[in-house]
1. Among what's in the range 449-475 and is more than 39 Å from the chain's Cα centre (by Cα) and in a helix (DSSP H, G or I), pick the residue that is surrounded by the most Cβ atoms within 10 Å (Cβ to Cβ).
2. Got a number for residues in the range 436-448 being over 16 Å from Tyr423 (Cβ atoms) and either in contact with a Phe, Trp or Tyr (Cβ under 9 Å, 6 or more places away or on another chain) or in a helix (DSSP H, G or I) (or both)?
3. Residues Arg122, Arg159: which one is out of contact with any strand residue (DSSP E or B) (no Cβ under 7 Å at 6 or more places or on another chain), of a type in the set (D, E, K, R), in the same structural domain as Ala18 (by TED's automatic domain parsing) and surrounded by 18 or more Cβ atoms within 10 Å (Cβ to Cβ)?
4. Any residue at all in the range 12-25 that is more than 21 Å from the chain's Cα centre (by Cα), within 26 Å of Ser183 (Cα to Cα) and β-branched (Val, Ile, Thr)?
5. Which residue out of Arg332, Arg270, Arg274 is without any contact (Cβ under 8 Å) to a residue 60 or more places away in the chain, in the same structural domain as Ala212 (by TED's automatic domain parsing) and closer than 28 Å to Pro146 by Cβ?
6. Could you give me the residue pairs with C-beta distances under 8 Å whose first residue belongs to the range 46-65 and is assigned by TED's automatic domain parsing to the domain that holds Val92, whose second residue is buried (at least 23 other Cβ atoms within 10 Å of the Cβ) and of a type in the set (Asp, Glu) wherever it lies, and which are 6+ apart or on separate chains?
7. Name, by its number, the condition in (1) among the aliphatic types (A, V, I, L, M); (2) under 29 Å from Asp165 (Cβ atoms); (3) outside any loop (DSSP other than H, G, I, E, B) that does not hold for Ile64.
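The values are calculated or read from the model by the stated rules, or taken from the named source; none is laboratory data. All of these numbers come straight from a predicted model, not from anything done at the bench. Cβ sites come from the backbone with ideal geometry, for glycine too, and all protein chains shown count toward neighbours.
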Amino acid sequence: MHDEAVVIGGGVLGLAVAYELVCAGTSVRSVYPAAGRDSAASAAAGAMLGAFGEVTADDTAAEIVELEFRVAAQRMYPEWLDRVAASSGRAVPVDTGTFVIANNESEGDRPALRRIVAEAARLAEPCEFVAPEDVPGLRPAPRCVPTQCVHLPNEHSVRSGDLLDALEGALAASPLWRHDDVSVTRVLRAGERWRVTDDHGGHVEAPHVVLAAGVRSFEILDEDVRREAVLPAMLLGKGISGVVRGEFGVRSTIRTPNRAFACGTHVVPRGPGRLYIGATNFVSTEEDADALPHPGELHSLLDDVIHQVNVDVRDGSLESLRVGFRPVPAHRRPVVGATPIRGLHVATGTYRNGVLMAPRVARIVAAGVREEPALFANPFGTSPQVESDLDRLARIGVRDVVALMQEPRSSLPYNRGPELTDYVTTLFRMIVSEDGSYDQLRKHIVDELERSPFSETMNRLFYRIAEESRTERAS
């Protein structure tokens, strides 16, 4: 059998693309190391099918486009899971519903809930406010009792390990699929075909290749191919998660909105007596990525889950910890579909939403490989255009840095959090600004320090610098 496509990657996206192709009658060879599956982002994921849970008050028009894609993928899930189960003979358990809670640990929680409710109404998805005492398994510490909660009955979760097993089972049942249990080291053009070489010294060729290896998807290409394919730089979003044993009464996903560069604190049922807890996030390059969890990351994760969701978790047994690396393109958008180079396709860059987006991404990529019209538009593509709105980056990024500085549980008194945010925002803008707009403020600071060269001057300058940010915001 001659392979028509080689799919590189054994996570949910890679397996979903391979499955869509064999269902359409295309012969596929999947290349990925089976032993490395547990370290993939898919295996470490909470696998929340949460289209709206990712919404924040800061979302731009581009992020709303991605939201609409997530909602469309979410609506595909019931039929897709039924199809996978029928092909594999393995049902994938689904835990229904999500509760999103807002408390006073983050000033962005309540605005995020209002945006979630508004977007759900716009897209005709059910969403309702509920009382904290009506959320099964929600038992926070007294000071962390939510001020608001919303219930999203269509935001489900799957068990990522079961989904991966079912997809592999469905593929194994097809005579059109083969699996090479090796790691890919390089992908090269070979005339009208693509040559995929592995760490055992072997290689395979096919007219189409799909890069679905998460954070490693682009590093196996030569630099000239990456440029011609117009692929963005890829960063790594390190996240740690765990599974706790105990009886906590949690029957649906409970999560906070996205916070401080992460997807919020969340717990997800994993069957009787097991609870998935997550998650942290630290975006880095491959060079400074650390594959082991740090004690500080673990402390923050457990502290947030215990105090904000369920205090009984402190008495549970920590069954496992996992580290996953989410693929984060420089432009923060998924990289999906055919590239400008014939036969080269991509399915990666989905950050925290790979499991959710899998059915729809797989349909788009499979249509491209088969050179058939897509059933629906692809809003992503491969263009690496990066938004460079420094004002927005300063406003949101510095705010989240200040929030990160206060985790876990160390809130600042009075109005010091917003004051510190304004102060650091102005300093950040002064560093990156090249248009002279901060020359007057810089001169004022120097004059003040020369006129009164003692440490107490810094107190007055703190408020003067913070006031600059507030003045710009009001103008």
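1. Within the range 449-475, the first condition is being more than 39 Å from the chain's Cα centre (by Cα), and the residues that meet it are 449-460.
Filter once more, keeping what is in a helix (DSSP H, G or I): 449-451, 457-460.
Details: Leu449: 13, Glu450: 9, Arg451: 8, Thr457: 15, Met458: 12, Asn459: 9, Arg460: 11.
My answer is Thr457.
2. Kept after step one, since they are over 16 Å from Tyr423 (Cβ atoms), are these residues of the range 436-448: 436-437, 439-440, 443, 446-447.
Those left that are additionally either in contact with a Phe, Trp or Tyr (Cβ under 9 Å, 6 or more places away or on another chain) or in a helix (DSSP H, G or I) (or both): 439-440, 443, 446-447.
Adding up the residues that qualify gives 5.
3. Working: Arg122 fails: surrounded by 18 or more Cβ atoms within 10 Å (Cβ to Cβ).
The conditions single out Arg159.
4. Yes; the residues of the range 12-25 include at least one that is more than 21 Å from the chain's Cα centre (by Cα), within 26 Å of Ser183 (Cα to Cα) and β-branched (Val, Ile, Thr).
5. Working: Arg332 fails: closer than 28 Å to Pro146 by Cβ; Arg270 fails: without any contact (Cβ under 8 Å) to a residue 60 or more places away in the chain.
None of the others qualify; the one that does is Arg274.
6. As it stands, the answer is Met48/Glu155; Leu49/Glu155; Gly50/Glu155; Ala51/Glu155; Phe52/Glu155; Gly53/Glu155, since those pairs meet every condition given.
7. Here Ile64 meets the rest and fails (2).
One line per residue, one yes/no per condition, for (1) modelled with pLDDT of 90 or more; (2) crowded, with 21+ Cβ neighbours inside 10 Å; (3) part of a helix (DSSP H, G or I):
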{"position": "Ser30", "(1), (2), (3)": "yes, yes, no"}
{"position": "Asp58", "(1), (2), (3)": "no, no, no"}
{"position": "Ala73", "(1), (2), (3)": "yes, yes, yes"}
{"position": "Glu79", "(1), (2), (3)": "yes, no, yes"}
{"position": "Ala86", "(1), (2), (3)": "yes, no, yes"}
{"position": "Val100", "(1), (2), (3)": "yes, yes, no"}
